[in-house]
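Structure first, commentary second.
The values are calculated or read from the model by the stated rules, or taken from the named source; none is laboratory data. A quick note: this is a predicted structure, and the numbers were derived from the prediction, not measured. FYI the Cβ positions are ideal-geometry reconstructions off the backbone, even for glycines, and counts take in every protein chain you see.
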Amino acid sequence: MSVRSSVSVGAFTLALLLVPLFTHAFPFGGRASTVLRCVYNSTIYANLGPPRGGEYIWTSATKTYQFGPPAYVGQWLLGLAGAPYYCIYRISPLTIYTGIAITMMGSSGPAAPVPPPTIGPSPSPTPPTPPTPPPPPTPNPPPIPPPGTLDHLVISEVYYAVDTAHGTKPANEWIEIFNGTAATVNIGGWRVEDATASDLIPSGTMIAPGRFVVISATSTTRSLWSIPSDTPFVSLGSSIGDGLSNSGDRIVLRNASGAVVDAVSWGTNTTAMNPSATVASYGNSLSRVTLSKDTNTASDWGARPPSIGK
């Protein structure tokens, strides 16, 4: 997320005191830079830009006029602010976002100019046309270099900002590993880890030269994406590490001897690289900008639409 408020268990009481307990008399309105569904209590966090922006939380009890809850980044939202709400985004460690409830009051598109005065009977008003969401951008993965370009395997893509079309966190998070060497590599017995825990890759997991392997918590992830049929898919049976944090975490790939083969950290986590890689926004992945080199710096990485397994 680009901007958000979060508190830990120990700071939750303090957060309750800091959140304003009054109702804003003015309407809010702006373009959503972040729309994030909070998985544990069915609320939606939205961060709006000018002219009257801020952090807001839509709840199932929120009254809506026409367009329903926040749905996508870039959407214009207009309404009134209400009492503070809390959405539980993560249970362990407990992460709570605070915000003001959204109440939709009219058009979710940009304001129209005032029509000029007319002579004669006034025409019947024309109801507003709901805005059409912009089409999702087409993934544009980096070209696959010829085998032998790299001398080691690399983490090529990390998907942690899971959108509602592709499951939930942490079950449908995934990582992708690329083999840029000239030989098939058996990564059975290797481990992937985040900042807290590690997971064992099942024995017999092979990656051919110039190919990828996808690792996720559950096999349901495969059905949510168009993954090439010849791309190996590994289901760990549990979350990657303890679940990947959107604001800052890391992925480390270790071989069977425990040596680090590759690593990436993003956001607030600088344990793998400092400065860390950029944070991927909702629905996007953290991906290598090229597969032909590895400098072990943040410049290797960028955020873009996912291109899983290819």
Subset of segment 167-187, residues touching a Ser or Thr at 6+ places or on another chain (Cβ under 8 Å), surrounded by fewer than 21 Cβ atoms within 10 Å (Cβ to Cβ) and in contact (Cβ under 8 Å) with a residue 60 or more places away in the chain, comes to ALA171
Looking for something in a strand (DSSP E or B) and touching a Phe, Trp or Tyr at 6+ places or on another chain (Cβ under 8 Å) - is there at least one such residue anywhere in segment 179-191?
yes
Considering only segment 235-278, state which residues are among the hydroxyl-bearing types (Ser, Thr, Tyr) and either part of a strand (DSSP E or B) or not assigned by the TED database to the domain that holds GLY188 (or both).
SER235, SER265
Could you check PRO145 against (1) of a type outside the set (A, V, I, L, M, F, W, C); (2) closer than 20 Å to GLY283 by Cβ; (3) in a loop (DSSP other than H, G, I, E, B) and say which number it fails?
(2)
Going by the structure shown, is ASP242 under 15 Å from TYR159 (Cα atoms) and crowded, with 22+ Cβ neighbours inside 10 Å?
no
The one condition in (1) in contact (Cβ under 8 Å) with a residue 40 or more places away in the chain; (2) touching a Ser or Thr at 6+ places or on another chain (Cβ under 9 Å) that TRP301 fails to fulfil:
(1)
So is ASP300 assigned by the TED database to the domain that holds ARG222, under 19 Å from THR196 (Cα atoms), of a type outside the set (Gly, Ala, Ser) and out of contact with any Pro (no Cβ under 8 Å at 6 or more places or on another chain) or not?
no
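Right, ALA272: surrounded by 20 or more Cβ atoms within 10 Å (Cβ to Cβ), under 30 Å from ASN47 (Cα atoms) and either without any contact (Cβ under 8 Å) to a residue 60 or more places away in the chain or acidic (Asp, Glu) (or both) or not?
Values: surrounded by 20 or more Cβ atoms within 10 Å (Cβ to Cβ): yes; under 30 Å from ASN47 (Cα atoms): yes; either without any contact (Cβ under 8 Å) to a residue 60 or more places away in the chain or acidic (Asp, Glu) (or both): yes.
Considered against the rule, which asks whether it is surrounded by 20 or more Cβ atoms within 10 Å (Cβ to Cβ), under 30 Å from ASN47 (Cα atoms) and either without any contact (Cβ under 8 Å) to a residue 60 or more places away in the chain or acidic (Asp, Glu) (or both), ALA272 comes out as yes.
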